[in-house]
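Peer 1: Provided herewith is a single structure, encoded as structure tokens, for subsequent inquiry.
The values are calculated or read from the model by the stated rules, or taken from the named source; none is laboratory data. Model, not experiment: these values are computed from the prediction. Glycine gets a Cβ as well: all are built from the backbone with ideal geometry, and neighbour counts include every protein chain shown. SASA here: full protein model, heavy atoms, side chains in, ligands and nucleic acids out. Shrake-Rupley method; radii C 1.70, N 1.55, O 1.52, S 1.80 Å.
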Amino acid sequence: MAHISPAVLTSEELASLLEVSKGAAQREIPQFHWERLVALGYAQRRLGVLGLTEAGVRRLAAGE
């Protein structure tokens, strides 16, 4: 099985991903960040709320 490296995130994007993981307690993140996180499959918008996907949880666990 081939190992696929996670997409490179800036420190700011990683901080935004961490904010998304906080759920309802999350602060506002830049629109460009949430659009990129959704495009990479790390986050998903449901009913206007941004939440982590399983890939996002794994990405946070992997760190930088």
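Peer 1: Points 7 angstrom from Cα along the Cβ direction at ARG46 and ALA61: gap in nanometres?
Peer 2: The modelled label-to-label distance comes out at 1.9 nm.
Peer 1: Which of the trypsin sites (Lys or Arg not before Pro) found in region 13-64 are loop residues per DSSP with 13 or fewer other Cβ atoms within 10 Å of their Cβ?
Peer 2: Counting only loop positions with at most 13 other Cβ atoms within 10 Å, the trypsin sites (Lys or Arg not before Pro) in region 13-64 are LYS22, ARG27.
Peer 1: Rounded to a whole number, what % of the accessible area of the chain do carbon and sulfur atoms account for, probe 1.4 Å?
Peer 2: About 59 percent, which is the carbon plus sulfur part of the accessible surface.
Peer 1: Moving to a separate point now. Suppose every Lys and Arg Cβ carries +1 and every Asp and Glu Cβ carries -1, with no other charges. What dipole size does the chain come out with about its Cα centre, to the nearest 20 debye?
Peer 2: So the magnitude is around 200 debye.
Peer 1: Shifting gears a bit: What is the gain in length, in nm to one decimal, between GLU54 and VAL38 on full extension, counting 0.36 nm per residue of separation less the C-alpha to C-alpha distance?
Peer 2: Between GLU54 and VAL38, full extension yields 4.5 nm more.
Peer 1: Could I ask something else about it? Rolling a 1.4 Å sphere over the protein heavy atoms, what is the accessible area per residue of the chain, to the nearest Å²?
Peer 2: Here the residues of the chain average 70 Å² of exposed surface.
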